[in-house]
Every structure is written in C-alpha cells, then in structure tokens.
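The values are calculated or read from the model by the stated rules, or taken from the named source; none is laboratory data. Worth saying up front: this structure is predicted, and the values here are computed from it rather than measured. Because the Cβ atoms are built from the backbone with ideal geometry, glycine has one as well, and the counts that use them run over all protein chains shown.
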Amino acid sequence: MPVEAIASSAIGTSTMEITISKFELLRELAATQGVVERKTTIPILSNYLFEAGGDRLSLTATDLDLSLRTSCNAKVKREGACTIPARKLHDYVKLLPDADITIKLLENHWVSIRCGRSNTKMVGMARSNFPSLPVFPTANVVKIPAQVLRGMIARTSFAIANEESRYTLNGALMVLKPESITMVATDGHRLAHVERSNEKFEGVSGELKTLVPKKAMDELRSLVDSTDVETIEFAKDDSTLFFRIGQRLLTSRQLTGQFPNFEAVLPKDNTRIISLHGEDLGAAIARVAQFADERSRAVRLKLEKGELKLSASSTETGESEDSIEVDYNGEPLTVGFNAQYIIDFLKAAGAGDVRLELKDSQSAGQLRPAESEDYKYRYIVMPMRI
Amino acid sequence: MSTLPRTVFHVDMDAFFVSVEELFDPSLKGKAVVVGGQRHERGVVSAASYEARQFGVHSAMPLRTAAKLCPQAIFVDGHPDRYRACSEKAHKVLTSFSPQVEMVSIDEAYLDMTGTERLHGPPLLAAHKLHNRMKAETDLNCSIGIGASRLIAKVCSGKAKPNGVLYVIAGREARFLAPLDVREIPGVGKVTEQKLHSLGIRKVGDLAKFDDADLEHQFGKWGVALAGKARGEDAGAWFEGEIGADEAAKSISHEHTYDQDTANVAQLESTLMRLCEMVGRRLRENQLHARTFQLKLRYKDFTTITRAHSLDAPTQLDNEIFQQIHRLFHLNWRKGSEVRLLGVQASSFGESFAQLDFLEDHARGKWEHALSAVDRLRDKFGETSITLATGMKGGFRERTHENPAALPGKSKPSPS
C-alpha cells in the first residue's frame, strides 16, 4: 500500500531537493527517534523516509510494529523522496548552526546535507526498500482529548506485562463507549484500571474495544507531551491502530487475542480498609524495600490496631521495619507484596491520600486514591506468599 | 578451616549397586555382573562387579562395549529405588557416628570425626566399629579411608578396597602420596594428567618437588591447588569446604539416552514431559522451588547443547517446568535432527516468595492439588504408577549412577 497524501506515484524518485530550517527539522527528528529501530537486522529500518511535495517535507520512521510519520514546512525545489540513516542524521543536525539546511538526493542514493559552510554527503538506501505503510482510514474516526488519553496511559502503562508467553498482556485494553473511556492493563500480578465518564465520543456506538501495545502507549505519551495539540484522532482497521496527533501520525500493529476477563478479578469484599498519605506509604516502603530480597522485592505489611507495620528482610542485607499510624480497629492481618508494585501505583496516583483495601493474605488487595478525581482509578495487586 | 589436625573418614560402599542387587538375588555373588541394562541396549553401565571390572568393564561405558569385553557377564537392570533405600540406611549408620556427614553421592560420604575419640576411640577403632555396624545394618561392605584431609581420606578408601580400612596418620601424607600416579589425585583428569606428563611429572612425588610458583605459572589458580594436593591438603574448589557445611543441593536433573536415536517430535516431547515430571517430583520431595530450568540436548553425532531459562518466580510444578523446557526445546532443536539424549535440570533454588497471580492461580491451585495426589499415589504404588498423558509414551527406566562424573575424583573409572 502506498503511503498517504503526498507520496503519490506522480513524484519522481530520482530527484529531490529541499531547503528547511534546522529548528523545524530537528524538532521532527527528535520526535521520531523513539520509533527508529535500534538493533535491527533490516538495515532500511534504521533509515528515515523523506518525501518532499508541495511545500512540505514528510518524514517517516518505522520498526514494522510501530510507524511514525510527521511533516514540516520546507521549500521544495524538486519533489521526490530519499532515505537517510536516522540516528546519524539526528546526531549531525543537532551539531549544525541555526540556519537553513539544503537536502538534495544524489546518485546511488547518497544524500547531500548543506548548511552554511558545512557540507556532508550521507549514504542512503533506495526509497523502494522502505516498507509501505498503512493508510489512515477515512471512516469511524474517534476524537479523544489528548490530556485524557495521556492521563489514562500514565495510570496504566506501567502494569503492562513484558512477557512473551502471555502475548495479549503486552498491551492495555482501551474500551470506548459513547460517554466513557476505560483503560485496563495487567501482567497477572497487578492490574491497573482507570475510567473517565462524562466524556463525549462521537462515532462510538456500543463498545469499541482495542488492545493497544505498550510501545504504542509509551510513544503516544511522549508525543502528547511534546505538542500542545488538544485532540487525538483515533481509528483502526483490521490490523492497524492509528493515532493522529496534529501533523504526526502514529500507527501500530494491533495485538490480536483475547484480553483476560479482568472483571472477574476486581475485588468485591475487601473490608479491611485504611486510608493513608500516599507520600508516607511510599517513603516507608522505599525505606524497608532496601532490605527486601532483591529478586522478589517482598515486603511484609502487618495491619494492627492503629498501626500499619512494614518490614522486609534478606539474608544478605539485614532487616528493616517502619510503621505508620492508621485508623484501624479490625482483626490483625499480615500480607506480603512486591514493593515495586506498590511504589508504581503511588507514583501514578500522584499526591494525596490513598485507600488500601485488603481481604486476607491470599487475596488481591486494592489501592485507590481516597478522594475521587476525574479519573476513577483502581489498582489491584496480588500478594506474595511469604 | 580449622588449624587443628582433623580426622576425616571417607566411607565408600563397595561395588554398591552390584552388592545391592546381590541382596535381592544371591546367585549373582562372585560372578561378573553389569548393572545398567541389557547387553544389547544402548545406554551405559551404571556399575560393574569386581569380577566384571577385571575384564575392563567400568561404569559409564556403553553396555554393548561391556558385553564385548565380558561376554559372560550377567546384565541386570538398575533399580534406583533399591539403591536409594540402601543409601538411606547407610546414611543413618553414618549419622550415628558423627553429626557432620556429607553424602557426596549415593554410595559415598565424608565424615568429620574430629574430636570423637572419647566417644568412639581412636580413628582405627572407630572405623572398625563403623565398618561392622554398616555390615550389620545394611548387609553391605564398605571401605573406609582415614586422614587429616578429605583428599587423603578419599585416596585411602580407594586403596583400602574392597572391604578394608586404611589410615594415613597426620604428617605422613606426602610420603604416602609420593609413589602414586598423579591421576590418582582427586580432581586430576585426563587433561591435567597430560599436561603434567608433558612437564615430566608422573608421580605425586614429582609434583611435590615442583615450586608452587611454577605450578601457578603453568596452571593458574589450579596450579596452587595442585601443589597443595600433592602435600595431601584439601585445596581448591569444593575440597575447601567444611564437611556437611553446605549440604543443600545446587541442582536436580534427570536425563535419558534413547535406545535408538530419534527425531520423532511426539516421542521427544513425551520424554521431556517425563523428565520434567521426574524433576518436579524431586523438587516437591525436597520441598524446593527452582527458578532456572535447563534443557540438555545431545544429537546423534554427540554435539551437545544446554539452554536455560530463568523464571521470575520459582516453581515446583511439572506443567510449569514443561512449559519452559518445551519452549527451549523448540527454540533450539534443529528440526529433523536425530537426538540421542535429553536432559532436564532445575537449579537456582529459592524461597518461595511466590508472587500470586490472579489469572493463573486458579489453574495453579488445581495443579498443586493434582500433583500432590499424584505424589501420594507414586509413594504407594511406585514411580510409574501414574503419569501425565504427554509423558506416557516417554516412559523409561530410571538410570542411576554410582559415580556422578561431576564430583571430584569421579572423572575416571575407579581403579579398584
């Protein structure tokens, strides 16, 4: 499939000459570096595809799972396309003075880069080697507020599994309904669930479920962070997800498979509930975790009348205990958790009080912000057998 | 290590497997017996009687070679259960003599007898008592070596065989060792031996005359250990530890050599399943959870690969072990290539700080229950009474070896 918009067959591939401001080029190069494959066995994937047409230059990078296409203003003297080694180009352009850069395709796919008194020729590859990319669908495009999507990603992406064996957990489930958006991620040990209602998603009827790969989530987050675009356009076809953020288009291969039935694991009768300052809990856990078994990171939480005791020990480093005053009158309970899992949540939840809701030492515990915010956020974490 | 002279016993059961077989079939006594399988089978000799050894048969030799060397030998299948039971009896006897007992394999152990004179008398008397007690309790003969180091004790027990006791008193080690071939030092294998020979070192006495520094120059750290060994000291690696100090197993493994090389995927998978079951069973028996699982794969041409994977959380469940091994196998097996041997090893034993998992724990709990029932059935009706379906066609006799090659001094056929 041909790339969209300007790369039509009318553009000759044997010539290209453009002039572009260093500032604009560098901005787009920086934004796309994350998608360039670092250690690939397919050399073309280390290259950008540059396509010049009209008064714009479009840049594309892909690692076959993910592709990112962006564009910027350019004075196009001769339309055309070329490929340029991405990392080297980025490193070189960074060092150029703030002036206009002229990029010109030479013979044998070499590319000349001129800026002021600097003159470089880079070894490119044939444009025809660059993989063809999917085209943004024309129908069923959903508009999602950029900051909402960003907030959802920040609250879930850390819980995504990084395991080959459970392939469908390598992404988050995004559920769009006409008036709400939900995102769920789990690695089997913990599950992050965040929901926003009172939204309006035109073009969504019923339920639109999508598995978004972790790599795409991370890239989306940094793309949103680097622009002031307010709305993201989301669409998908049979195999690909599309996110348009202003002039940048991120595509991602879809994860296929069934996301686990997460509703079954949401705890219902966790009746031992305490409320504490997130900062206090985080600091205490970070302290005792220094002495936790390095691999398991197990910390012990002992809930007693008026007090939550945290402790950890390992044969190599010693043992450590901390305690936090809490309002609790129920039966005592000891439960083990991976310290990192708790810390991950506290970081994502931000400042403020959190509620810790437990049942027993074998059942999932639940953490959530004590005050309801715009995001309805809950985090379920399975204990460790200690 | 303590600086006081120690009294170390090395107790080695004489022709252990054969002797155990003789308990069950006295007609084998005094005959050339080969334990490990039938004469036409593939696989190797687990043990041979002294009579068979006279014909050059030794453990780890292919059964068919043994049949050629000693056609009149009686070939007997191994019975690991019997050996384990007898080994446990022997272990009991040993622990009644010293609290510091280290079983280094199924049929030999080191005892630290330092400071037991008031209880058991001087070393030779204690050894005599131990020897008699062993015979009375297990009906088996053993040989005992006594010295101030494990190394001396070990060499002594070899020299005392069969059914003897040998004591080298402290201070006389070098004189005792000097006339021995360097190969008789535990830890010296073919390679070191050749290298020593090329330096003109044939006897331990020659070795002792060499400068420590020269040996270090030639062999590195190992050279320093060699110099110590020539003086009868426990030097180098495992020999430096205290007896019984670290008894915990480091790994558990099972392997199987096919009678006929095979590239049949179903058969290979079935064997792997069976091996995983055996490893899982041993893990549960010892209440261990392992994190690292290793696949060993030997092709027809004897090229051997090992590939391992470490899990985030340790396990002792057959199905979880198999999942890893199965994956490693398919990632690494050259499709269609005939396989001679498969092995499964579990290591990195850890506390089961098991992270519970809400997606798999339900299934996991079921497996735990099922496997514990399976274990009870096996305790009652034998190891092969029940097996997972995948492993059914992979059934084979378990083979045990008296002399695991990995242990010091075990890299060569026993001379006695």
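Things worth noting here:
- Within the stretch B:283-321, tally of residues that are surrounded by fewer than 14 Cβ atoms within 10 Å (Cβ to Cβ), under 15 Å from residue B:254 (Cβ atoms) and acidic (Asp, Glu): 1
- Flag if residue A:342 is among the aliphatic types (A, V, I, L, M) and part of a helix (DSSP H, G or I): yes
- In the stretch A:242-262, the residue that is surrounded by the fewest Cβ atoms within 10 Å (Cβ to Cβ) out of those that are more than 14 Å from every other protein chain (Cβ to nearest Cβ) and closer than 10 Å to residue A:171 by Cβ is A:254.
- Among (1) touching a Phe, Trp or Tyr at 6+ places or on another chain (Cβ under 9 Å); (2) buried (at least 16 other Cβ atoms within 10 Å of the Cβ); (3) assigned by TED's automatic domain parsing to the domain that holds residue A:182 - the single one residue A:124 does not satisfy: (3)
- The selection criterion, being crowded, with 19+ Cβ neighbours inside 10 Å, away from chain B (no Cβ under 14 Å) and out of contact with any helix residue (DSSP H, G or I) (no Cβ under 9 Å at 6 or more places or on another chain), holds for residue A:176.
- Which numbered condition residue B:325 fails, given (1) closer than 29 Å to residue A:293 by Cβ; (2) under 20 Å from the mean Cα position of the chain (by Cα); (3) crowded, with 19+ Cβ neighbours inside 10 Å: (2)
- For the stretch A:355-365, a residue qualifies if it is within 14 Å of chain B (Cβ to nearest Cβ), in contact (Cβ under 8 Å) with a residue 24 or more places away in the chain and either in contact with a Leu (Cβ under 7 Å, 6 or more places away or on another chain) or of a type in the set (S, T, N, Q) (or both), and the qualifying residues are A:358, A:360, A:361, A:363, A:365.
- Hey, residue B:130 touching a residue at least 12 places away in the same chain (Cβ under 8 Å), in a helix (DSSP H, G or I), touching an Asp or Glu at 6+ places or on another chain (Cβ under 8 Å) and of a type in the set (A, V, I, L, M, F, W, C) or not: no
- There is at least one residue in the stretch B:45-54 that is over 25 Å from residue B:131 (Cα atoms) and either touching an Asp or Glu at 6+ places or on another chain (Cβ under 9 Å) or exposed (fewer than 15 other Cβ atoms within 10 Å of the Cβ) (or both).
- Candidate set from the stretch B:350-370 (those that are in a helix (DSSP H, G or I) and within 12 Å of chain A (Cβ to nearest Cβ)); member that is modelled with the lowest pLDDT: B:361
- Of residues in the stretch A:196-232 being surrounded by 15 or more Cβ atoms within 10 Å (Cβ to Cβ) and of a type in the set (Lys, Arg), the one farthest from the chain's Cα centre (by Cα): A:196
- Taken over the stretch B:325-349, the residue count meeting the criterion of being of a type in the set (A, V, I, L, M, F, W, C) and at pLDDT below 85 is 1.
- Restricting the stretch A:319-334 to residues that are of a type in the set (Gly, Ala, Ser) and under 37 Å from the mean Cα position of the chain (by Cα), the residue that is nearest to residue A:273 (Cα to Cα) is A:323.
- None of B:290, B:373 is at pLDDT 80 or above and away from every other protein chain (no Cβ under 14 Å) except B:373.
- Restricted to strands (runs of 3 or more DSSP E) entirely inside the stretch A:1-69, those with at least 3 residues that are of a type in the set (Val, Ile, Thr) and either within 20 Å of residue A:126 (Cα to Cα) or at pLDDT 90 or above (or both) are A:17-21.
- Taken as a whole, the condition of being under 14 Å from residue A:348 (Cα atoms) and not β-branched (Val, Ile, Thr) does not apply to residue A:166.
- Any hit, the stretch A:249-267, residues being at positive phi and either touching a Phe, Trp or Tyr at 6+ places or on another chain (Cβ under 9 Å) or among the small types (Gly, Ala, Ser) (or both): yes
- Verdict on residue A:191 being farther than 27 Å from residue A:42 by Cα, within 14 Å of chain B (Cβ to nearest Cβ), modelled with pLDDT of 90 or more and in a strand (DSSP E or B): yes
- The stretch B:53-77, residues that are in a loop (DSSP other than H, G, I, E, B), over 27 Å from residue B:111 (Cβ atoms) and not aliphatic (A, V, I, L, M): B:54, B:55, B:56, B:70, B:71, B:72, B:77
To keep it simple, each residue is scored yes or no on (1) away from every other protein chain (no Cβ under 12 Å); (2) on the phi > 0 side of the Ramachandran plot; (3) crowded, with 18+ Cβ neighbours inside 10 Å.
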residue	(1), (2), (3)
A:298	no, no, yes
A:329	yes, no, no
A:333	yes, no, no
A:336	no, no, yes
A:346	yes, no, yes
A:353	yes, no, no
A:367	yes, no, yes
A:373	yes, no, no
A:380	no, no, yes
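Conditions (1) at pLDDT 95 or above; (2) over 27 Å from residue A:157 (Cα atoms), marked per residue:
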| residue | (1), (2) |
| --- | --- |
| A:287 | yes, no |
| A:318 | no, yes |
| A:345 | yes, no |
| A:351 | no, no |
| A:357 | yes, no |
| A:361 | no, no |
| A:371 | no, no |
| A:375 | no, no |
| A:382 | no, no |
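- Residue match in the stretch B:338-348 (condition: within 23 Å of residue A:384 (Cβ to Cβ), within 12 Å of chain A (Cβ to nearest Cβ) and under 30 Å from the mean Cα position of the chain (by Cα)): yes
- The criterion of at least 2 residues that are not assigned by TED's automatic domain parsing to the domain that holds residue A:330 is met by the following strands (runs of 3 or more DSSP E) wholly inside the stretch A:206-317: A:208-213, A:231-236, A:240-245, A:248-253.
- Test: residue A:55 is surrounded by 14 or more Cβ atoms within 10 Å (Cβ to Cβ), of a type in the set (Asp, Glu) and not assigned by TED's automatic domain parsing to the domain that holds residue A:220: no
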